[in-house]
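S.K.: The following block contains the structure, expressed as structure tokens.
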Amino acid sequence: MNTRTVDWTALRRREEEPAGEGLRERKKRLLRQRLSDTATEMFLERGFDAVRVAEIAEACGVSEKTVFNHFPTKESLVLDLGETTLDSLRATLPDPALSPVEAVLEILSAELAAITSWLAAQPNPADAKAALLRFAALIRSTPSLRAYHRDMTDQQVTVAAEILARRAGTTLDAPEPRIAAAALLALWPLQFQALHRHLNRAETPERLYEEVTAEVRRAARLLDTGLGSWVLPS
């Protein structure tokens, strides 16, 4: 399969076209997407450690400095979905109309829908599924990517704990916000494990979405039972 046919933005930060976007902003957004897609292709073909940032820059016709202007680290070229999750936590988790579990389920549902919608749009489902599995294997097999992912998860837990502490009117060093945040963030690896397990079993992307969501919601019900004892102001 030619990886250049794969839209890797389905797995990473989604650069949607903003309303009223100017020409300069559009060029920057498209360059960022091209850098990330090119890097992912090269990493999959040769391995993460075998590819230098300078090579990615050369392939895109820009300087190495330009790459780092868009992505602070080599790892973030391929794992910037974590930044999207952080943004979503900051936007959704403070909503008093949603319980913490409802808020994270909303975020997880949107992220899963992005992947299954991408799958549904592909002309060759088998190739598309293979691409997703190769992407996951790249992350699992690369120590620096795993470390970056762990660091990003720690940031997400901290951000979620800060938000929950504010909602509860307590301090961050109280035990409840931190344990609640860690439990909520555990739903992310659970969703990706379920996606991996059902990817080649589900007959359609719609069915894949349903099966993965069902597993995530089963786990979420267990969390909701425990978090229900921690009363947050509405």
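S.K.: Under 7 Å between Cβ atoms, at least 6 apart or on separate chains: pull out the pairs that start in region 45-67 with a residue that is within 21 Å of residue 30 (Cβ to Cβ) and end on any residue that is surrounded by fewer than 12 Cβ atoms within 10 Å (Cβ to Cβ).
M.R.: Cβ pairs passing all conditions: 64/54.
S.K.: Among the residues of region 200-221 satisfying the criterion of being aliphatic (A, V, I, L, M) and over 24 Å from residue 150 (Cα atoms), which is surrounded by the most Cβ atoms within 10 Å (Cβ to Cβ)? Give the steps one after another, and end with the answer.
M.R.: Just the residues of region 200-221 that are aliphatic (A, V, I, L, M), to begin with: 202, 208, 212, 214, 216, 219-220.
From the residues that got through so far, the ones that are over 24 Å from residue 150 (Cα atoms) too are 202, 208, 214.
On the way: 202: 19, 208: 23, 214: 11.
If we take residues in region 200-221 being aliphatic (A, V, I, L, M) and over 24 Å from residue 150 (Cα atoms), then 208 is surrounded by the most Cβ atoms within 10 Å (Cβ to Cβ).
S.K.: Can you tell me which residue within region 155-184, out of those that are without any contact (Cβ under 8 Å) to a residue 12 or more places away in the chain and in a helix (DSSP H, G or I), is nearest to the chain's Cα centre (by Cα)? Break it down into steps so the answer makes sense when it comes.
M.R.: We begin by selecting, within region 155-184, every residue without any contact (Cβ under 8 Å) to a residue 12 or more places away in the chain; these are 170-175, 179.
Now drop any that are not in a helix (DSSP H, G or I), which leaves 175, 179.
Details: 175: 27, 179: 21 Å.
Among those that are without any contact (Cβ under 8 Å) to a residue 12 or more places away in the chain and in a helix (DSSP H, G or I), it is 179.
S.K.: In this structure, is residue 109 modelled with pLDDT of 95 or more, within 21 Å of residue 212 (Cα to Cα) and either in contact with an Asp or Glu (Cβ under 6 Å, 6 or more places away or on another chain) or of a type in the set (Gly, Ala, Ser) (or both)?
M.R.: Numbers: modelled with pLDDT of 95 or more: yes; within 21 Å of residue 212 (Cα to Cα): yes; either in contact with an Asp or Glu (Cβ under 6 Å, 6 or more places away or on another chain) or of a type in the set (Gly, Ala, Ser) (or both): yes.
When the stated conditions are applied, residue 109 passes them.
S.K.: So, in region 141-154, how many residues would count as being assigned to a helix (DSSP H, G or I) and exposed (fewer than 15 other Cβ atoms within 10 Å of the Cβ)? If you could, list the steps in order and put the result at the bottom.
M.R.: First, the residues of region 141-154 that are assigned to a helix (DSSP H, G or I): 143-154.
Now drop any that are not exposed (fewer than 15 other Cβ atoms within 10 Å of the Cβ), which leaves 143-144, 146-147, 150-151, 154.
Matching residues across region 141-154 total 7.
S.K.: Among 137, 128, which is within 25 Å of residue 56 (Cβ to Cβ) and touching a residue at least 24 places away in the same chain (Cβ under 8 Å)? Lay out the reasoning, then the answer.
M.R.: Details: 137 fails: touching a residue at least 24 places away in the same chain (Cβ under 8 Å).
From the options 137, 128, the qualifying one is 128.
The values are calculated or read from the model by the stated rules, or taken from the named source; none is laboratory data. As the structure is a computational prediction, the values presented were derived from the model and not from experiment. Cβ atoms come from the backbone with ideal geometry, glycine included; neighbour counts cover every protein chain shown.
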